[in-house]
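The values are calculated or read from the model by the stated rules, or taken from the named source; none is laboratory data. Values in this document were obtained by computation on a predicted structure and should not be read as measured data. Positions of Cβ are backbone-derived with ideal geometry, glycine not excepted, and every protein chain shown enters the neighbour counts.
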Amino acid sequence: MSLPKVHEIPIGGIITEPGSSRRNPTGGWRSLKPVLHDDRCIRCRICWMYCPEGTIKEIKGEFVVKGKKYQYKYEIDYTYCKGCGICAHECPVKAIEMVPET
Amino acid sequence: MIEIRFHGRGGQGMVTASQVLATAAIMEGKYAQAFPEFGPERRGAPVKAYLRVDDKPIYKREPIVEPDVVVVGDQSLFVSENPLEGLKPGGVLVVNGAYKAPVKTYYVDATSLALKILGKAIVNTAMIGAVVKATGIVRLESALAALGKYFTGRLYELNAQLVKIAFDQTKEL
Amino acid sequence: MTTALQKARTVLALTSNYAAAYAVKAADVDVVAVYPITPQTTIVEKIAEFVDDGELNAELIHVESEHSAMSAVVGAAAAGARVFTATSSQGLELMHEVLHIASGLRLPIVMAVPARALSAPISIHGDYSDVMNTRDTGWITYIAASAQEVYDTIIQAYKVAETVLLPAMVAYDGFLMSHTTEPVELNDEEEVRRFLPRKDRPNVLKPEKPITMGAFAMPDYYYEIKYQVQEALLGSLKVIEEVDREYGRTFGRSYGVLQTYRVEDADYIVVAYGGASFGNAREAVDAAREKGIKAGAVRLRVFRPFPADYIAKLLADVKAFAVVDRAIAFGGPAGGPVFAEVVTALWMRGIDTPGLSIVHGIGQRSMYVEDFVKIFEMLKDGEKSKVVYMGLRL
């Protein structure tokens, strides 16, 4: 791949295309993978707030878990999840487990 | 070029006096340069200010060491320093109060006039009147117009009056 | 239509600091970050007065430090505003890291710097130690020599900065200019605004066309982006000259990047910067010529980009030159920072004119015309290749 030359880069190091980081699938960096156990999740949203890459997806719908009804659930976007483990560290009910990538 | 050195004490307004006279000269279409001997401004400390006036642009920016005119706002300065140092032969002293010096001297009782008119011993505007009378460096009307750039309202009225009275009362000793 | 030149002249008695404030008003600046430091303070005080009187419609941001002052104008400039701030000495040092950000982001910020010595020991007096420390920050750096030039240069600096997309500082002697009352001819403000039309820039934050500014650059990109700054800064010399000429045509005053005095037939040239150094050098040229020394003086009006070709051309055929620095390049190969620059400019062009590095006016040690006459006498006596600390009790 040939990188752009001096005059091919916008001045000031500005990035002129919003959302260009989508082209960088950071999922390949992972050595440990977070696995979300939906049956333990209390929907507190802390993982969603803490994830530095915004890979926790809030899915809307009707979900019944252990007899309790929820309006949404969470899923992890493994294309961009880089396996940092912050979600698992912050989860107050240990619903996220870090397991080795296979 | 005429070079004037002002000697006063912090708070007497000698720096402003030099600026007003520079402004008056500039309003007359002349070139002028006024600058204080800079330091942390302290009330009561000896202060020097410099004024150059010329018909040509002024480039030199050194302290005035050989003035044509020395202006002394406070006679006590003759005790602590020598305001006449470097005064050119034939140079003129303009002083607050009759002070006997071995040079051509003009004086006005600036402190009494300031106390009478302003109620404060701030002598700078009286000394402006005295300098204008003694040197003719600018016209009295120009000095009064320039004063308007530094004082407004009642303060201007009082100080303008002071300049005029000091101008009238300034005498050669 | 009457031109600016035909209109009645307005000449005021102003200090260089007030002249800077009047230029900011004429340039219709949008945002001014304000933080006081001697000898700068009276600039922003005057601007605050203009804003309070309704003469300038600008947002004054009272910040808590110079670091914040520069950061605030970086943000405002990123949002597309025309901005101004001013500082001196320790304030400029505290801003230092943000100066690099301003140039790296290519923001056309204009700043006035009445140059002042650096602590310790504490000094409020003038020299150029603060300005010289910004040498490699990527800023266009003017050094003015009169209150009139401060006024004219700040207006020019906006045009240059907004053309080449780099920040520009206008430095001048702390106290010896910042607090000296001199005649300044003001321009018609409408005319200034026509001279400084608002332009679109690519690096402005707009919600309708989002961009990212200040992003991380890996080793495979950083170098190219910094090289862009180098190219823009070197290229700005031409723009500085063009804008100066256009300003001259419009308002009747222009300066060039170097000011010279009696250099045409000179054997010995003194290179100086700032009002006191050059003003006294200029007087000394006349005095030295009366003593039979063919003397000349050059003033560096633009320090960054360094006008190396012009300097080299002037010094190529003289017998010797001296550079008067009001700063010390501590531990450097020469005493004065600009001497080292001049020598580099000559060496790069294969010129070996002998030179003297003169350090003077440190912490506003008084400089006299006589001192500059002495420099010409030293050059005539063949003194060269050394550093002279003038006015020092050694």
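Take the residues of region C:340-361 that are closer than 12 Å to C:Met132 by Cβ and in contact (Cβ under 8 Å) with a residue 24 or more places away in the chain: which is nearest to the other protein chains (Cβ to nearest Cβ)? Steps first, please.
The initial filter retains those residues of region C:340-361 that are closer than 12 Å to C:Met132 by Cβ, namely C:340-341, C:359.
Add one more test, that the residue is in contact (Cβ under 8 Å) with a residue 24 or more places away in the chain, and what stays is C:341, C:359.
On the way: C:Glu341: 23, C:Val359: 17 Å.
It comes out as C:Val359.
I'm trying to understand the selection: among the residues of region C:212-242, which are surrounded by fewer than 16 Cβ atoms within 10 Å (Cβ to Cβ), closer than 11 Å to C:Val164 by Cα and in contact (Cβ under 8 Å) with a residue 60 or more places away in the chain?
Residues satisfying the conditions are C:Leu234, C:Gly235.
For region A:1-79, list the strands (runs of 3 or more DSSP E) that sit wholly inside it and hold at least 1 residues that are without any contact (Cβ under 8 Å) to a residue 40 or more places away in the chain; which are they?
On the way: elements: A:32-36, A:56-65, A:68-76.
Where strands (runs of 3 or more DSSP E) fall fully within region A:1-79 and carry at least 1 residues being without any contact (Cβ under 8 Å) to a residue 40 or more places away in the chain, they are A:56-65, A:68-76.
Kindly establish whether A:Ala88 is surrounded by 15 or more Cβ atoms within 10 Å (Cβ to Cβ), in contact with a His (Cβ under 8 Å, 6 or more places away or on another chain) and at pLDDT 95 or above.
Working: surrounded by 15 or more Cβ atoms within 10 Å (Cβ to Cβ): yes; in contact with a His (Cβ under 8 Å, 6 or more places away or on another chain): no; at pLDDT 95 or above: yes.
It is false that A:Ala88 is surrounded by 15 or more Cβ atoms within 10 Å (Cβ to Cβ), in contact with a His (Cβ under 8 Å, 6 or more places away or on another chain) and at pLDDT 95 or above.
Looking only at residues that are touching a residue at least 24 places away in the same chain (Cβ under 8 Å) and not hydrophobic (A, V, I, L, M, F, W, C) in region C:290-308, which one is farthest from C:Val229 (Cα to Cα)? I'd like the intermediate steps shown before the answer.
Taking region C:290-308 as the starting set, the residues that turn out to be touching a residue at least 24 places away in the same chain (Cβ under 8 Å) are C:291, C:293-308.
From what's left, not hydrophobic (A, V, I, L, M, F, W, C): C:291, C:294, C:296, C:299, C:301, C:304-305, C:307.
On the way: C:Lys291: 47, C:Lys294: 41, C:Gly296: 34, C:Arg299: 26, C:Arg301: 21, C:Arg304: 12, C:Pro305: 11, C:Pro307: 17 Å.
So the residue we want is C:Lys291.
Can you pull out every residue in region C:290-316 that is under 19 Å from the mean Cα position of the chain (by Cα) and hydrophobic (A, V, I, L, M, F, W, C)? If you could, list the steps in order and put the result at the bottom.
Step one: filter region C:290-316 for residues under 19 Å from the mean Cα position of the chain (by Cα), giving C:297-311.
Once the filter is applied, which keeps residues that are under 19 Å from the mean Cα position of the chain (by Cα) and hydrophobic (A, V, I, L, M, F, W, C), region C:290-316 yields C:Ala297, C:Val298, C:Leu300, C:Val302, C:Phe303, C:Phe306, C:Ala308, C:Ile311.
How about region C:243-348: which helices (runs of 4 or more DSSP H) wholly inside it have at least 3 residues that are crowded, with 24+ Cβ neighbours inside 10 Å?
Helices (runs of 4 or more DSSP H) meeting the threshold: C:275-290, C:337-347.
Is it true that some residue in region C:333-352 is in the same structural domain as C:Phe372 (by TED's automatic domain parsing), in contact with a helix residue (DSSP H, G or I) (Cβ under 8 Å, 6 or more places away or on another chain) and at pLDDT below 95?
yes
Assess whether B:Ala121 counts as being part of a loop (DSSP other than H, G, I, E, B), surrounded by 14 or more Cβ atoms within 10 Å (Cβ to Cβ) and in contact with a helix residue (DSSP H, G or I) (Cβ under 8 Å, 6 or more places away or on another chain). Before the answer, list the steps.
On the way: part of a loop (DSSP other than H, G, I, E, B): yes; surrounded by 14 or more Cβ atoms within 10 Å (Cβ to Cβ): yes; in contact with a helix residue (DSSP H, G or I) (Cβ under 8 Å, 6 or more places away or on another chain): yes.
Yes, satisfied.
State all residues of region C:32-47 that are under 16 Å from C:Val73 (Cα atoms) and in a loop (DSSP other than H, G, I, E, B); if no residue qualifies, say none.
C:Tyr35, C:Pro36
Keeping to region C:217-232, report how many residues are in a loop (DSSP other than H, G, I, E, B) and either within 9 Å of another protein chain (Cβ to nearest Cβ) or in contact with a Leu (Cβ under 8 Å, 6 or more places away or on another chain) (or both).
First pass over region C:217-232, keeping only residues in a loop (DSSP other than H, G, I, E, B): C:217-218.
Next, from what is left, pick out any that are either within 9 Å of another protein chain (Cβ to nearest Cβ) or in contact with a Leu (Cβ under 8 Å, 6 or more places away or on another chain) (or both): C:217.
Within region C:217-232, residues that are in a loop (DSSP other than H, G, I, E, B) and either within 9 Å of another protein chain (Cβ to nearest Cβ) or in contact with a Leu (Cβ under 8 Å, 6 or more places away or on another chain) (or both) number 1.
Within the bounds of region C:41-51, is there any residue that is crowded, with 24+ Cβ neighbours inside 10 Å, of a type in the set (Phe, Trp, Tyr) and more than 14 Å from chain B (Cβ to nearest Cβ)?
Here is the first cut: in region C:41-51, the ones crowded, with 24+ Cβ neighbours inside 10 Å are C:43-44, C:47.
The next check asks that each one be of a type in the set (Phe, Trp, Tyr); those that pass are none.
The answer is no, given that none of the residues of region C:41-51 is crowded, with 24+ Cβ neighbours inside 10 Å, of a type in the set (Phe, Trp, Tyr) and more than 14 Å from chain B (Cβ to nearest Cβ).
Filter region A:45-65 for residues that are surrounded by 14 or more Cβ atoms within 10 Å (Cβ to Cβ) and modelled with pLDDT under 95 and give the result.
Taking region A:45-65 first, the residues surrounded by 14 or more Cβ atoms within 10 Å (Cβ to Cβ) are A:46-48, A:50-51, A:53, A:55-56, A:63, A:65.
Residues satisfying the conditions are A:Glu53, A:Phe63, A:Val65.
Looking only at strands (runs of 3 or more DSSP E) that fall completely inside region B:1-113, which ones have 2 or more residues that are at pLDDT 95 or above and within 14 Å of chain C (Cβ to nearest Cβ)? Lay out the reasoning, then the answer.
Numbers: elements: B:2-9, B:31-36, B:46-54, B:69-72, B:92-96, B:104-108.
Result: B:2-9, B:31-36, B:46-54.
Being out of contact with any helix residue (DSSP H, G or I) (no Cβ under 7 Å at 6 or more places or on another chain) and over 30 Å from B:Ser112 (Cβ atoms) is the filter here; which residues of region B:39-85 pass it?
Within region B:39-85, B:Pro40, B:Arg52, B:Asp54, B:Asp55, B:Lys56, B:Pro57, B:Ile58, B:Pro63, B:Val65, B:Glu66 meet the criteria.
Per-residue answers, yes or no, for (1) outside the structural domain of C:Ala78 (by TED's automatic domain parsing); (2) at pLDDT below 95; (3) polar (S, T, N, Q):
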site: C:Leu186; (1), (2), (3): no, no, no
site: C:Val192; (1), (2), (3): no, no, no
site: C:Pro197; (1), (2), (3): no, no, no
site: C:Val204; (1), (2), (3): no, no, no
site: C:Pro207; (1), (2), (3): no, yes, no
site: C:Tyr222; (1), (2), (3): no, no, no
site: C:Gln230; (1), (2), (3): no, no, yes
site: C:Gly235; (1), (2), (3): no, no, no
site: C:Val239; (1), (2), (3): no, no, no
